[in-house]
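Read through the structure below, which is laid out as structure tokens, and then see the notes.
Each value in this text was obtained by applying a stated rule to the coordinates, not by laboratory testing. The structure presented is a predicted model; accordingly, all values stated were derived computationally and were not measured. Backbone-built Cβ (ideal geometry, glycine too); neighbour counts: all protein chains shown.
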């Protein structure tokens, strides 16, 4: 039984490494970059408060606003920046808003700006995402003068697993 599992593992590894992208020197770099895209986390010291849970970018509950300094890991980078965030989410009214601006960072955004209104006959989703996979996220923000912002990006997990088999649904892999 153990021999069968070992041979299955060897077969799976051989098939994975023989995909089209596996022959390029960038394969391991791209898989590592896709893996680190899954989690974003940063600590915040600010004036203001924010308490919000998002399950996808379409559903959020809570809100707040803060202006302060952050340090953490986002968009494949470790860094420090000044951040202004406005959050508001009310599922009953089908609303979710996240607006951010950054200063002092090479990173243009952490999560970007998005606004959802799913109420009545006028449903809208405005965003600055390049890829719909960014919509699939679980995010928790808790800040009262100090705090943290944690985002589990499930769409990027899909991108990582698709990349193992030679696909790139986020269009973020570097060519060889």
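The residues listed here are 170, 101; of these, the one that is touching a helix residue (DSSP H, G or I) at 6+ places or on another chain (Cβ under 6 Å) and farther than 15 Å from residue 54 by Cβ is 170. Taking the listed residues 119, 84, the one that is touching a residue at least 12 places away in the same chain (Cβ under 8 Å) and in contact with a strand residue (DSSP E or B) (Cβ under 6 Å, 6 or more places away or on another chain) is 84, with no other qualifying.
Restricting to region 60-74, name every residue that is surrounded by 16 or more Cβ atoms within 10 Å (Cβ to Cβ) and within 30 Å of residue 118 (Cα to Cα). Within region 60-74, 60, 62, 63, 64, 65, 66, 74 qualify. In region 160-167 there is no residue matching the filter, namely being under 15 Å from residue 87 (Cβ atoms) and either in contact with a helix residue (DSSP H, G or I) (Cβ under 8 Å, 6 or more places away or on another chain) or touching a residue at least 40 places away in the same chain (Cβ under 8 Å) (or both).
Counting only strands (runs of 3 or more DSSP E) that sit wholly inside region 70-176, those with at least 1 residues that are over 23 Å from residue 42 (Cα atoms) are 77-90, 95-103, 114-117, 124-127.
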